[in-house]
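Participant: The structure is given below, and queries will be raised subsequently.
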Amino acid sequence: MWLSSLNLPGGMFEYLKRLAIALCSGFLLLLALTFSVFSFSSLVPQDIQRYVKDVLMLRSSPTLDRTLGELIRHARQRLAGHPKLEFFAIPVLDFVQPIYERPVPNQPLPLMGKGWNPQARIESADPDYRVANVVELQSAMKQVVAGQRIEILPGVYRIGSILGVKNSGTVDKPIQVFASQAGSVLIEVTSSEAFQLNQAHWHFENLHIRGICDVHDYCEHAFHVVGKAQHFTLRNNLIEDFAAHIKVNGYRDDWPDDGLIELNTLRNSGPRHTQRPVTPIDIVGASRWRVQDNYVANFAKGDPRATSFGIFMKGAGFGGRIERNLVVCSTSEMSAPGTRVGISFGGGESGPQYCRDKQCVTEHEGGRAINNIVAHCNDMGIDINRSAQSFVAHNTLINTGGIDVRGDKASAVLFGNLYEGIARGRKGGSLREQFPERMNLTKVFENPDALILSFKTTPERIPRHKHVVDDFCRKPRAEGTLPGAIEDNSGC
């Protein structure tokens with residue numbers, strides 16, 4: 001390669017090599033699309049023709065309005081069913097895509113102190129119910145009253161129909177369902193839902209719940225929290241292989257506000273082959289939920305045309321907080337078909353009948369996404385869709401498209417985020433960005449793709465925001481703090 005003859009320093013050589021590859025890749029992609037447009041114009045969809053011509057006439061940018069990953073996925077979808085076009089364009093897309101969507105390392109990724117702790121114990125002196133099978137568990141859940149506790153004894157439990165509840169707890173006397181030792185109880189689910197909660201102040205802790213449905217349209221939810229189920233708490237559970245592991249929504253005029261989801265691991269072993277929404281934490285219409293210190297991973301959908309989300313809040317709720325979570329969209333096959341988004345206020349939008357105000361003037365208002373680490377998403381790391389007054393601060397986004405603020409009434413203040421990709425407002429969305437650090441994170445961290453986030457080059461410090469007093473590890477932030485989720489190299 002002619003660059004090697006210039007005797008450049010290693011870092012500059014690597015930068016120029018990447019730049020040359022990027023320019024050549026973009027040129028090949030544009031050349032392939034241009035050739036397709038003018039050679040097979042009768043077959044090429046009109047929107048692609050217009051887009052390529054606008055780029056050639058310098059009326060549109062190939063990258064500023066859309067990420068290259070978005071363009072590649074859109075091109076693949078539009079080319080489907082046109083074999084002559086696919087013959088010329090698909091090899092170019094196959095060459096370009098891995099350059100812009102770095103592959104996930106073929107090794108287990110560290111959890112960075114997030115998710116469930118399989119060593120956790122609850123010391124319990126005389127619980128009110130000890131259950132050893134599903135029949136006993138359902139009976140106890142129907143009888144238990146405020147302040148009582150249900151201990152599930154060690155073993156494997158198979159749930160084939162939805163388990164419901166009858167009574168509610170209170171602020172100072174919640175109803176608790178737990179395993180004394182995390183990992184000692186495995187609940188296998190073959191029904192559409194495992195637990196359905198429509199009463200207040202229920203807490204679940206230390207459970208391992210796994211969907212085992214051969215047909216993925218079943219195993220939709222591990223927990224369905226509805227209506228009057230205010231102050232629901234889910235802590236230190238491992239939940240696997242569902243479409244929407246935790247689903248929250250209203251019922252009639254009741255809304256399950258003020259929930260807490262913390263220190264849980266929510267993941268799937270592979271793509272979900274279902275027409276149902278795939279979002280491990282799916283909160284619709286409920287307000288003031290806190291989602292914190294969870295590990296959410298591998299939530300792909302089998303349909304290549306579909307979008308899946310790690311965490312979203314939508315449906316005209318307000319005041320939600322998404323803080324200190326580790327979200328990994330893809331633990332392998334970064335460029336697999338389909339679109340994967342990390343965290344969203346607004347998601348894919350809501351039908352008016354599901355909205356708290358019956359119209360969804362905004363999808364969510366006053367939401368906060370703070371101190372999260374989001375990695376390996378082939379679309380946006382953080383998405384604000386028709387959600388107003390959002391606050392997005394001190395997040396670290398690795399190998400994602402960046403931050404998107406889109407749709408009528410969408411607005412966000414971005415503060416101190418450390419990210420790759422772009423931050424953009426579109427389709428009426430507006431953003432105000434303060435102290436951003438947009439850069440290639442392979443130059444900042446030791447090995448960001450492997451989530452080894454010790455600093456190789458420390459970014460410049462910025463003023464501490466009055467609403468962000470700690471970091472991803474709950475360590476206090478100094479007056480002059482670092483952008484992104486992590487304050488120092490000491491880990492969690």
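Participant: State, to one decimal in nm, how far the label point of V469 lies from the label point of I99, with both points 7 Å from Cα in the Cβ direction.
Facilitator: My value for the distance between the label points is 4.8 nm.
Participant: Computed from the mean reciprocal separation of all distinct C-alpha pairs, what Kirkwood hydrodynamic radius does the stretch 224-348 have, in Å?
Facilitator: Here the Kirkwood hydrodynamic radius works out to 14.3 Å.
Participant: Can you grab the distance from the C-alpha centre of the stretch 216-293 to the C-alpha centre of the stretch 462-492, Å, no decimals?
Facilitator: What the calculation gives is 29 Å, centre to centre.
Participant: I've got another one for you. Going 7 Å from the Cα of N167 along its beta-carbon direction, which residues of the stretch 137-151 have the amide nitrogen within less than 12 Å of the resulting point?
Facilitator: Hits in the stretch 137-151 for N167 at 12 Å: 140-150.
Participant: For a quick check: with amide H placed at 1.01 Å from N, whose amide H comes under 5 Å from A410's, ignoring anything fewer than 5 positions away on the same chain?
Facilitator: Amide H neighbours of A410, under 5 Å, 5+ apart: R386, S387, S430.
Participant: Rule-of-thumb check for the stretch 386-492: C-alpha Rg over 2.2 N^0.38 Å?
Facilitator: That ratio works out to 1.08.
Participant: Can you tell me the length gained on complete extension of the stretch K228 to Q77, counting 0.36 nm per residue apart and subtracting the Cα distance?
Facilitator: Going from the current span to full extension adds 50.1 nm.
Participant: Have a look at Q143, L79, N268 and report the one farthest towards the positive end of the charge dipole of the chain, computed about the Cα centre with Cβ charges (Lys/Arg +1, Asp/Glu -1).
Facilitator: Toward the positive end, the furthest listed residue is L79.
Participant: Note down the net charge around I187, summing +1 for each Lys or Arg and -1 for each Asp or Glu among other residues with Cβ under 10 Å from its Cβ.
Facilitator: That sum, taken over residues with Cβ under 10 Å, equals +1.
Participant: Any idea what the alpha-carbon Rg over 2.2 N^0.38 Å comes to for the stretch 178-282?
Facilitator: 1.02
Participant: While we're on this one: Give me the distance between the Cα centres of the stretch 338-372 and the stretch 163-191, rounded to whole Å.
Facilitator: 28
Participant: Name the trypsin sites (Lys or Arg not before Pro) in the stretch 147-183 that are in a loop by DSSP and that have at most 11 other C-beta atoms within 10 Å, would you?
Facilitator: Here the sparse-neighbourhood loop sites are K166.
Participant: What's the lysine pair count for the stretch 129-437 at a Cα cut-off below 13 Å, pairs eight or more apart or interchain?
Facilitator: Close lysine pairs found across the stretch 129-437: 5.
Participant: Under unit Cβ charges (Lys, Arg +1; Asp, Glu -1), what dipole magnitude, rounded to 20 debye, does the chain have relative to its Cα centre?
Facilitator: 880
Participant: I've got another one for you. Assuming R0 = 51 Å, what is the FRET efficiency of E446 and N133, from their Cβ-Cβ distance, to the nearest 0.05?
Facilitator: The computed FRET efficiency comes out at 0.55.
Participant: Rg over Rh of the chain, using C-alpha atoms and the Kirkwood radius, what does it come to?
Facilitator: 1.00
Participant: Along the Cα→Cβ direction, 7 angstrom out, place labels at D126 and D408. What is the inter-label distance in nm?
Facilitator: 6.2
Participant: Sort the following peptides by mean Cβ neighbour count (other Cβ atoms within 10 Å, averaged over residues), highest first: 323-331, 194-202.
Facilitator: Most protected by this proxy first, the peptides run 323-331, 194-202.
Participant: Between the stretch 418-455 and the stretch 313-327, what is the separation of their alpha carbon centroids in Å?
Facilitator: 20
Participant: Enter the per residue convex hull volume of the stretch 210-249, computed from alpha-carbon coordinates, in Å³ rounded to the nearest integer.
Facilitator: Normalising the Cα hull of the stretch 210-249 by residue number yields 56 Å³.
We did not get these values from a lab; they are worked out from the coordinates using the rules stated. Treat the numbers as computed from the prediction; the structure is a model and nothing was measured. Because the Cβ atoms are built from the backbone with ideal geometry, glycine has one as well, and the counts that use them run over all protein chains shown.
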